[in-house]
Amino acid sequence: MNKNIKLAVAGAVLALSATANAGIIIPAGDWTVDISGNVNSYVTNTRTSGSAVLGGLTAAANDTGTKSQGSITTGLLPNFLSVSGSTRQNDLDVTFLISMNPGGTNATPLSGGSTNENRQAFLTFGDKSWGSIKLGKDIGIFASDAILNDMTLLGVGSGAGSRTTSTTSLGRIGTGFVYADWKPQASYTTPNMNGFQATVGLTQAWGTTGVDTSFVQSTGKRAGAGYAYEGKASYSFAANDVTGKIWVSGFSQRVESSRDNAYAGDIGANVNMAGFGLTGYYYSGEGIGLTAMLRDGYDAAKKARDSDGGYVQATYILPTKTKLGVSWGVSNLDKNTTGDTAAANFVKEQEMWSIGAYHPLTKHLNIVAEYNDVQDKGNNNVEQKAKTLALGAILFF
């Protein structure tokens, strides 16, 4: 199983006693090929109420009143089919990974299905004595630990009722952390030094996007040109029956059309003992928005908006190996007095409560039940809510 699926499983499935096993292993000359991935699907019902908040998560911009939306959809993790290979040559560990990620939602007849993504295509080389270098497209460095420790990674979270043509739902993205996304990158990771490990890298710079009066960078030569700078450091520990991890990460990118830098930093921790798990996370930034990186991070006057947020999460594994979890998180976006004067109902806060039950029906198959309560609040205190029930399953192989 590829590295990021392993991390996802280690962060969420391991607590269910469904271990991060490799997929289908095929010896091929000098190479060992691993075919792995997951398939998931959820029956969801989302009930929205209130007035639309521009830029929010709960519904389309013209939705008002109380509505109900049912869907059968992929959860926060897309369906993954990954082919990876590894070999040892000339004192180097060399690997590659390519993935395909088809969606599982279709709300339009004769459309052929939902969108397909290709989230990963990278190679690595290195040695345990000095670390490894990664070249290609993979999960972003900043905020990656936030999503990999989110319990809704195995479920749905927000976005089920309003994203019927998307590859995935949103989980806790935008209600506690900014999406790390999947980015072209050149990065270096240190060897594991008694639990400490760090990664630094260049990732592809992106142009800003947004809705309403927020500044949208042009798609000309300079939009998204150049590099973003990302890094993270973590320390994993184990003492008697206590295990855990502490991490920090950072992001910086010049936004050419505003002649400004977008930047962010975060800190998080996860501790597990005797079946109990506790996770806490906080981030703060300028120009990064509150859901997707750089989305809504700038106003119409090209001034950066400040944002921050975080989440707390508690889980417990029953004797039946069922994991129960509850989490709360919020993302905040500050209003600028100059460029946001016309955006009275533009989003300033996105908050979500999540309750979930995750049961390993077999070694690789988990059934999931979730309840998610999302609230968007605008600058004029207009609110819209979305309450989602989800029931489904996720299979790793």
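The values are calculated or read from the model by the stated rules, or taken from the named source; none is laboratory data. Note that this is a predicted model, so its numbers are computed, not measured. With ideal geometry, Cβ positions are generated from the backbone for all residues, glycine too; neighbour counts draw on all protein chains shown.
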Margin query: Checking the structure you have, find out if any residue of segment 154-175 is basic (Lys, Arg), over 27 Å from Asp296 (Cα atoms) and touching a Leu at 6+ places or on another chain (Cβ under 8 Å).
Written below: no
Next item on the list: Taking Lys323 as the residue in question, decide whether it is closer than 23 Å to Ile173 by Cα, of a type in the set (D, E, K, R) and modelled with pLDDT under 95.
Entry: no
Note to self: Checking the structure you have, find out if any residue of segment 370-392 is among the aliphatic types (A, V, I, L, M) and farther than 23 Å from Lys67 by Cβ.
What the structure shows: no
Note to self: Need the failing condition index for Thr219 against (1) more than 22 Å from Arg305 (Cβ to Cβ); (2) at pLDDT below 95; (3) not hydrophobic (A, V, I, L, M, F, W, C), just the number.
What the structure shows: (1)
Margin query: When you scan segment 13-25, do you find a residue that is at pLDDT 90 or above and farther than 24 Å from Ser144 by Cα, even just one?
Written below: yes
Checklist line | Identity of the residue in segment 368-382, modelled with pLDDT under 95 and surrounded by fewer than 18 Cβ atoms within 10 Å (Cβ to Cβ), that ends up farthest from Ile173 (Cα to Cα) | finding: Asn380
Margin query: Restricting to segment 352-378, name every residue that is of a type in the set (Val, Ile, Thr), assigned to a strand (DSSP E or B) and either free of Cβ contacts under 8 Å to residues at least 24 places away in the same chain or farther than 19 Å from Thr46 by Cα (or both).
Written below: Ile367
Item checked: Hits in segment 77-90 - residues which are in contact with an Asp or Glu (Cβ under 8 Å, 6 or more places away or on another chain) and outside any strand (DSSP E or B) -> Pro78
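Condition check ((1) in contact with a strand residue (DSSP E or B) (Cβ under 9 Å, 6 or more places away or on another chain); (2) more than 30 Å from Asp373 (Cα to Cα); (3) surrounded by fewer than 18 Cβ atoms within 10 Å (Cβ to Cβ); (4) polar (S, T, N, Q)) across all residues:
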position: Met100; (1), (2), (3), (4): yes, yes, yes, no
position: Ile133; (1), (2), (3), (4): yes, yes, yes, no
position: Ala143; (1), (2), (3), (4): yes, no, no, no
position: Leu154; (1), (2), (3), (4): yes, no, no, no
position: Ser158; (1), (2), (3), (4): yes, no, no, yes
position: Gln185; (1), (2), (3), (4): yes, yes, no, yes
position: Thr190; (1), (2), (3), (4): yes, yes, yes, yes
position: Gly201; (1), (2), (3), (4): yes, yes, no, no
Checklist line | Subset of segment 278-303 [buried (at least 24 other Cβ atoms within 10 Å of the Cβ) and part of a strand (DSSP E or B)] | finding: Thr279, Tyr281, Tyr283, Gly285, Gly289, Tyr298
Notebook entry, point to check: Among Ser166, Ser187, Ser129, which is the only one that is assigned to a loop (DSSP other than H, G, I, E, B) and more than 25 Å from Gly55 (Cα to Cα)?
Noted result: Ser129
Check: Can you name the residue in segment 107-121 that is in contact (Cβ under 8 Å) with a residue 40 or more places away in the chain and in contact with a Gly (Cβ under 6 Å, 6 or more places away or on another chain) and, of all such residues, is surrounded by the most Cβ atoms within 10 Å (Cβ to Cβ)?
Finding: Ser114
Checklist line | Long-range neighbours under 6 Å by Cβ, at least six apart or interchain, first residue in a strand (DSSP E or B) within segment 23-50, second charged (D, E, K, R) | finding: Ile25/Asp34; Arg47/Lys387; Thr48/Lys67; Ser49/Lys385; Gly50/Glu383; Gly50/Lys385
